[in-house]
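To start, the structure under review is shown below, and the notes come after it.
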Amino acid sequence: MGVSQHDATKLFIQGFMARRIMSDRVARLLYKKCCAAVTACMPGQEPCPWSEERFNQLIEAVSTKLNPLDLQVANTIDDQTGRKMWLILNMKGDELAQLATEYSAAEIAFFKQLIEEIVTAPNESYSISSIHALKQLKFAKVGNKTITRAQGEVLLSSFVANGWLTKSARGRYMLGTRARMELEQYLLNNFEDLSADQECVICTALVFSGVRCTTTACKARLHKHCYENIQRRAETRNGKLDCPSCRSDWTGKTLRKVGEEAAGANDDQLRGRKQQESDEEGSEEERPARIVRKKGNAKGKKKYASYNALRLCSNCNLQGR
Ligand SMILES: [Zn+2]
Ligand SMILES: [Zn+2]
């Protein structure tokens with residue numbers, strides 16, 4: 001069978017599936033390379049052209065092809081870098097099962113423990129130090145399988161490389177872009193406070209890094225890029241900036257932080273000590289789960305659907321940088 005322009009789409013899907021997550025810049029570069037490879041295989045025929053419009057059509061075509069497999073193409077802004085990212089999401093993302101193809105049961109137990117520590121971190125810091133992360137290895141026992149510290153370090157790097165975790169310049173671990181997107185339903189189902197308190201007042205996605213209102217009682221949380229958007233809009237109007245929720249005056253004020261900047265110097269030490277104390281009181285099997293199971297998740301499901309629609313909107317203001 002001869003090579004045709006459609007093969008560029010097939011090549012792109014293969015490259016995208018292998019990566020699962022890539023920046024907008026890399027996605028465009030990948031498609032350009034796919035077009036060039038296909039053109040090189042079709043001497044004398046019309047070349048496979050690259051254009052901005054064709055890239056948008058490509059994303060739509062890839063999404064249509066993957067939907068029957070319960071996979072979805074989505075984009076988001078990376079909390080840390082501010083870059084636009086493209087992801088292939090597993091739409092059955094209400095459990096951690098999708099990690100099973102990449103990791104063993106003990107490794108998934110370790111990841112689950114890390115997620116819990118990150119999501120329940122004090123002061124909305126949503127981050128843990130690498131020392132505290134490695135301490136969680138003791139909860140990653142499945143049967144008689146354990147993970148050594150050296151294996152744990154490799155595993156942490158693997159979680160970062162696969163987009164499940166992010167490691168900051170300060171060396172703290174946070175939820176990665178893939179975890180925030182693909183495990184959103186899992187997080188909403190398991191951590192009750194999240195859906196009530198951590199929705200961005202601008203885009204409604206969960207905020208694990210960003211800013212919060214200066215008024216203590218106000219629940220307004222915003223991603224950094226969403227905050228910058230309303231800041232820019234305020235500048236083009238009269239320069240006056242209000243909280244979108246409680247309307248308190250934000251003009252010239254430094255907002256409180258959400259994410260690793262909110263982490264206290266001794267947070268992880270105190271948590272480690274508490275974990276140790278509860279371990280000494282009882283065996284690991286008796287350790288009470290701190291995950292708060294939601295009684296019903298109707299709200300979560302509804303929200304997830306609307307969030308997907310938002311993410312798929314190619315005309316939204318989530319512009320890559
Ligand atoms: Zn937002
Ligand atoms: Zn407010």
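When you filter the trypsin sites (Lys or Arg not before Pro) in segment 198-284 for DSSP loop state and at most 12 other Cβ atoms inside 10 Å of their Cβ, you are left with ARG237, LYS240, ARG247, LYS253.
Evaluating 6.51 cos²θ - 1.76 cosθ + 1.60 at θ = phi - 60° for every residue in segment 232-237, the Karplus couplings come out as 4, 5, 5, 5, 6, 8 Hz, glycine and proline recorded as x.
Largest GNM mean-square fluctuation across ASN123, ASN189, ASN75, computed for the chain with C-alpha springs under 10 Å, falls on ASN123.
Short-range pairs are left out: with C-alpha atoms under 8 Å and at least six residues apart, the relative contact order of segment 154-272 is 17 percent. Taking 35 Å as R0, compute the FRET efficiency from the Cβ-Cβ separation of ALA18 and GLU46 and round it to 0.05. Efficiency for this residue pair is about 0.80.
Here the chain carries DSSP beta bridges of which approximately 90% are antiparallel, counting only pairs with both residues inside.
Full extension of the segment from SER157 to GLU192, taken as 0.36 nm per residue of separation minus the current Cα-Cα distance, would add 9.7 nm. Computed from label points 7 Å out along Cα-Cβ, the spacing between CYS218 and ALA265 is 3.0 nm. Once each of the GluC sites (Glu not before Pro) sitting in a DSSP loop with at most 16 other beta-carbon atoms within 10 Å is removed, the chain keeps 103-321 as its longest stretch. Here the simple spin-label model places points 7 Å from the Cα toward Cβ, and for GLN276 and ALA150 these points are separated by 2.5 nm. For SER127, the residues 5 or more places off, or on other chains, whose built amide H falls under 5 Å of its own are ALA121. Computed from phi, the 3J(HN,Hα) profile of segment 66-78 under the Karplus parametrisation 6.51, -1.76, 1.60 (θ = phi - 60°) reads 8, 3, x, 8, 6, 10, 9, 8, 9, 10, 7, 9, 5 Hz, with x in place of Gly and Pro. Placing a pseudo-label 7 Å from each Cα along the Cα-to-Cβ vector at ASN56 and LYS33 gives an inter-label distance of 2.6 nm.
Phi angles across segment 123-131 convert, under the Karplus curve 6.51 cos²θ - 1.76 cosθ + 1.60 with θ = phi - 60°, into 3J(HN,Hα) values of 6, 6, 7, 6, 7, 9, 6, 5, 5 Hz, Gly and Pro given as x. Extension gain for SER63 to GLN5 (0.36 nm times residue separation, less C-alpha to C-alpha distance): 19.1 nm. For the pair LYS141 and ARG170 in one chain, pulling the backbone fully straight at 0.36 nm per residue adds 7.6 nm over the alpha carbon distance. In the elastic network of the chain, a GNM with C-alpha springs shorter than 10 Å, the most mobile of LEU255, LEU165, LEU188 is LEU255. Contact order, relative form, for the chain: 17 percent (alpha carbon pairs under 8 Å, 6 or more residues apart, mean separation divided by residue count).
Using the Cβ atoms and a cut-off under 12 Å, what net charge is assigned to the surroundings of ALA61, where Lys and Arg are +1 and Asp and Glu are -1? Result for the neighbourhood of ALA61: +2. Between ARG221 and VAL201, the built amide H atoms are under 5 Å apart, and every one of these is 5 or more places off in sequence or on another chain.
Every read-out reported here was derived from the displayed coordinates using simple, explicitly stated rules and does not represent laboratory data. Please read these numbers as outputs of a predicted model, since none were measured by experiment. Cβ atoms come from the backbone with ideal geometry, glycine included; neighbour counts cover every protein chain shown.
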